[in-house]
Amino acid sequence: MSTPSRIAQRRSYLMCRPEHFTVSYSINPWMEPAKPTDTALAVRQWQDLHDAYIALGHDVQLIDPIDGLPDMVYTANGGFVIGGVAYGAKFRFAERVPEGPAFMEWFGAHGFDVAAPVEVNEGEGDFLLVGDTILAGTGFRSTGDSHRELREVFGKEVVSLTLVDPRFYHLDTAIAVLDPVQGPGGVDRANIAYLPHAFDDESQRILAERYPDAILVSDADGAVFGLNSSSDGYNIIISPRAKGFEKQLRDRGYNPILVDLSELLLGGGGIKCCTLELRR
């Protein structure tokens, strides 16, 4: 079987420099406040990711970090944006609640139509656009009711998936969108990679049925946040520790680019967590 050709498409991203990054509380299994964190190292690693996007020709916009909100670097959780409409986030844990209004203020100031949330949701952390379908996660953070709200805001098909492993508490830690949009003429099928056992049996059935060509990733690669990656359809920025996933991507005709965000993983986030796509 021949390897399909892949097409890189220019993206626009929102990021936040981790100037106040630390782990002072624990709201996921990765966060251990007793373990020291190195803010300067987090900033350097984040800068590597930022610069990789610029080198690939993508647009990167920045939201100012706010002292006292160390998780603001994980911009993917700040909302979900399609067609110039930004559905705001409403965080589950009190420590992150103030981030929601800060992101919505940024969206409004930068020309997006803001849909304020009623239901608890954590933005693109739990919502992934695959072609014209939204995959929506629940189980740990975003509620099932937010999936209904998401459908009302965007008028798109929303497929609910239930996460069951607390290590993979957001959807973007267990699924990577490899081909975010259809290729020219719609001939290329949007596709994903995922970690099967991060989901309940029904969600596994849905994913297997809808994405028969998906890459199934090992727990070893999932556990280093290999799936928490960012793709433009050809170039895929991944953790350098996800060796098996890197080979799987190369075998499928993608171009893995390795960026180490190990310091930010101490807060339970990786490459995709630090990247919110701004779709106009």
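Scanning region 173-196 for residues that are in a helix (DSSP H, G or I), open to solvent by 10 Å² or more (accessible area, probe 1.4 Å) and modelled with pLDDT of 95 or more yields a single hit, 196.
Restricting region 16-25 to residues that are farther than 12 Å from residue 269 by Cα and in contact with an Asp or Glu (Cβ under 7 Å, 6 or more places away or on another chain), which is surrounded by the fewest Cβ atoms within 10 Å (Cβ to Cβ)? Selected residue: 25.
The single condition from (1) more than 18 Å from the chain's Cα centre (by Cα); (2) not basic (Lys, Arg); (3) not in a strand (DSSP E or B) that residue 50 fails is (1). Within region 236-245, if we keep just the residues that are over 13 Å from the mean Cα position of the chain (by Cα) and surrounded by 21 or more Cβ atoms within 10 Å (Cβ to Cβ), the residue that is nearest to residue 269 (Cα to Cα) turns out to be 239. If only residues of region 260-277 that are touching a strand residue (DSSP E or B) at 6+ places or on another chain (Cβ under 7 Å) and open to solvent by less than 10 Å² (accessible area, probe 1.4 Å) are counted, the one that is farthest from residue 107 (Cα to Cα) is 271. Residue check: residue 106 meets all listed conditions (1) open to solvent by less than 10 Å² (accessible area, probe 1.4 Å); (2) farther than 26 Å from residue 179 by Cα; (3) of a type outside the set (Asp, Glu) but one, namely (1). Across region 53-64, the qualifying residues are those that are outside any helix (DSSP H, G or I) and hydrophobic (A, V, I, L, M, F, W, C), and the one among them that is surrounded by the most Cβ atoms within 10 Å (Cβ to Cβ) is 63. Looking only at residues in region 224-238 that are of a type outside the set (A, V, I, L, M) and not in a loop (DSSP other than H, G, I, E, B), the one that is farthest from residue 14 (Cα to Cα) is 235. Considering only residues that are within 23 Å of residue 209 (Cα to Cα) and assigned to a helix (DSSP H, G or I), look in region 151-172 and name the one that is most open to solvent (accessible area, probe 1.4 Å). Result: 151. Is region 126-140 home to any residue that is in contact (Cβ under 8 Å) with a residue 24 or more places away in the chain, closer than 26 Å to residue 21 by Cβ, charged (D, E, K, R) and open to solvent by less than 20 Å² (accessible area, probe 1.4 Å)? Yes, region 126-140 contains at least one residue that is in contact (Cβ under 8 Å) with a residue 24 or more places away in the chain, closer than 26 Å to residue 21 by Cβ, charged (D, E, K, R) and open to solvent by less than 20 Å² (accessible area, probe 1.4 Å). Per the conditions (1) in a helix (DSSP H, G or I); (2) surrounded by 17 or more Cβ atoms within 10 Å (Cβ to Cβ); (3) more than 17 Å from the chain's Cα centre (by Cα), the sole criterion not satisfied by residue 221 is (3).
The values are calculated or read from the model by the stated rules, or taken from the named source; none is laboratory data. Treat the numbers as computed from the prediction; the structure is a model and nothing was measured. All Cβ positions, glycine included, derive from the backbone under ideal geometry; neighbour counts span all protein chains shown. Quick note on the areas: whole protein, heavy atoms, side chains included, nothing else; ligands and nucleic acids left out. Shrake-Rupley method; radii C 1.70, N 1.55, O 1.52, S 1.80 Å.
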